[in-house]
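Here's the structure, in structure tokens; my notes come after.
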Amino acid sequence: MRWQRLMTVHLLAAGMVAVASGAAWAQQAAPVKLDPSTMAKRGSVDSRYLSFNVEMVEVTGGRFWKPYSSTATEAPPPASSGNGQQQVGMDPNRFQYRPPIDLANPRLRRLAQALSPSYVRVSGSWANSTYFQDDDRPALQQPPAGFRGVLTRAEWKGVIDFSNALGSPIVTSVATSQGTRDASGAWTPAQAQAVFDFTKSSGGKIAASEYMNEPTFATIAGAPAGYSAADFGRDAKLFAAFLRKELPGAIYLGPGSVGEGISLGPPGSGMPQLIATSDMMQATGPIFDAFSYHFYGTRSHRCGGTMTAEQALSAEWLDRTDTVEAFYAKLRDQYLPGKPMWLTETGEAACGGDPFAAQFADTFRFLNQLGTLAQRGVQVVMRNTLASSDYGLLDEHTFEPRPDYWAAVLWKRTMGTVVLDPGQSGDPNVRIYAHCMKGFTGGVTVLALNTDRASTKTIQIPAAANRFTLSAASLTSTQVRLNGRVLQISSDGSLPEPKLGGEVVTAGAVSLPPASITFLTIPSARNESCNAAD
């Protein structure tokens with residue numbers, strides 16, 4: 001890649017001159033010493049480790065989480081959108097109609113391409129009750145009985161074309177609402193068959209599928225009243241047989257649980273009744289190829305949450321990722337021993353995210369999550385969403401990148417698939433992760449988060465590196481700086497390549513400014529675990 005070649009030239013030239021701005025930062029008395037050459041291999045992740053979601057309701061158009069910034073009076077949606085298509089039992093004021101997303105938009109595609117290689121997951125709670133209209137006529141004015149929204153061939157073809165343009169295979173789930181069931185209440189495959197057949201005939205690729213989105217909260221998205229773990233076990237087995245026959249190469253992900261491991265709200269706070277994952281796994285047996293789960297650290301303010309940007313750098317908040325992963329890893333070990341884990345949906349907070357999900361404050365959670373889950377062996381992390389509501393990587397109206405988007409680009413460009421053990425920093429406010437460097441044999445990338453809002457920290461490196469430091473004027477800023485310069489895209493969605501090239505630092509002390517995130521790429525690390533370049 002051109003940016004990699006420029007980086008190499010930059011490192012080998014100019015006598016390895018230190019960055020002037022780095023020299024101006026105050027130094028820490030006892031720096032954290034790193035030796036990238038001896039960092040042991042901890043494991044590896046999927047080449048599409050960092051991926052993203054496009055919600056089914058974005059594809060069809062419908063009522064999704066209303067942005068906090070929205071003050072406009074909502075226009076009446078078209079009848080074919082499924083006016084009632086929102087989560088069951090929730091305040092309708094939390095939602096706002098959106099027309100279908102334009103996945104052919106060149107700006108959107110260019111920005112999504114910068115996150116390749118990836119999977120594109122099209123699912124969400126709305127997918128559970130979406131009817132696939134398997135003809136080329138205009139969308140039905142009302143969904144058939146037992147469904148709450150309509151997906152047309154043209155809309156799904158847009159997903160296929162988007163997937164193929166990016167080289168990003170599709171991950172999905174199927175309709176599971178009352179309209180898919182026979183007289184006994186069992187799931188039937190007619191709708192899934194129509195989607196899979198159309199996908200194959202249109203040149204699309206479904207790499208993996210869950211049966212149902214978030215079965216732990218099955219009834220909020222259209223499952224029959226009283227739906228139980230036993231019902232899920234019966235239906236998940238039916239889908240397993242269907243998937244093996246129709247898409248023999250696809251990965252069967254399950255169960256797709258959410259809402260366990262930490263409390264998302266006290267009893268009586270509006271949380272739906274939960275079906276325990278342990279009960280579902282007992283009912284299914286070991287039918288899944290990989291254990292999938294979803295993670296949100298809290299509920300957003302829309303749904304009664306109280307999380308604030310001021311808490312976003314706290315250890316308690318950042319460590320919730322590990323707490324929930326440990327909860328589900330224990331269940332994986334019990335019911336699917338040896339199978340990989342996929343985090344198929346995650347964001348700052350459930351119910352569309354808090355306002356600070358679109359601000360620099362959330363970038364610490366996002367990158368800490370990627371770093372720690374890679375160390376813990378999770379194979380894929382799918383961000384919700386690419387471009388919708390407050391937790392989207394991009395603004396849904398302008399496709400303007402938010403701080404987390406820039407963090408995702410740097411991760412993609414610098415972090416390879418081999419995960420290394422950097423050792424302990426010795427400072428609770430400094431979190432360090434390391435991978436083999438993407439594109440360089442023997443190279444190592446170090447990711448360092450300084451969560452101290454008042455103090456500069458220092459790390460010691462034994463070789464020259466290229467530095468990429470993310471910072472902002474404040475935690476609540478929607479603009480992010482890379483090595484002191486604000487990052488902005490061009491009108492067509494092109495990235496500012498010169499600004500993304502990094503800055504050279506020499507061997508020795510490297511300062512980490514307060515409330516900042518730094519990637520250090522060290523191509524001359526000579527780590528034997530990194531001899532096969534990603």
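Applying the criterion of at least 1 residues that are within 16 Å of the chain's Cα centre (by Cα) and surrounded by fewer than 24 Cβ atoms within 10 Å (Cβ to Cβ) to the strands (runs of 3 or more DSSP E) found wholly in the range 374-447 leaves 378-383.
Quickly run through the range 146-187 and pick out the residues that are within 17 Å of residue 135 (Cα to Cα) and in a helix (DSSP H, G or I). Correct list: 153, 154, 155, 156, 157, 158, 159, 160. Note on the range 162-201: among residues that are surrounded by 18 or more Cβ atoms within 10 Å (Cβ to Cβ) and hydroxyl-bearing (Ser, Thr, Tyr), the one that is farthest from the chain's Cα centre (by Cα) is 180.
Restricting the first member to the range 480-498 and to residues that are at positive phi, and the second to residues that are open to solvent by less than 60 Å² (accessible area, probe 1.4 Å), the beta-carbon pairs closer than 6 Å and six or more apart or on different chains are 483/469; 483/503; 484/21; 493/107; 493/111.
A single member of 345, 316, 325 is closer than 23 Å to residue 277 by Cβ and either free of Cβ contacts under 8 Å to residues at least 12 places away in the same chain or not in a helix (DSSP H, G or I) (or both), and it is 345.
Please verify whether residue 363 is touching a Leu at 6+ places or on another chain (Cβ under 9 Å) and part of a helix (DSSP H, G or I), treating the condition exactly as stated.
Values: touching a Leu at 6+ places or on another chain (Cβ under 9 Å): yes; part of a helix (DSSP H, G or I): yes.
When the stated conditions are applied, residue 363 passes them.
Residue count for the range 115-143 satisfying the condition of being open to solvent by less than 40 Å² (accessible area, probe 1.4 Å) and over 17 Å from residue 164 (Cβ atoms): 13. Within the range 303-350, being open to solvent by 40 Å² or more (accessible area, probe 1.4 Å), of a type in the set (A, V, I, L, M) and more than 23 Å from residue 478 (Cα to Cα) holds for one residue alone: 326.
Looking only at the range 444-451, decide whether some residue is modelled with pLDDT of 95 or more and touching a Cys at 6+ places or on another chain (Cβ under 7 Å). Yes, the conditions are met somewhere in the range 444-451.
The values are calculated or read from the model by the stated rules, or taken from the named source; none is laboratory data. Just so we're clear, the structure is a prediction, and the values are computed from it rather than from any experiment. Using ideal geometry, Cβ is built from the backbone for each residue, glycine included, and neighbour counts are taken over all protein chains shown. Areas reflect the complete protein model, heavy atoms only, side chains present, ligands, DNA and RNA absent. Shrake-Rupley method; radii C 1.70, N 1.55, O 1.52, S 1.80 Å.
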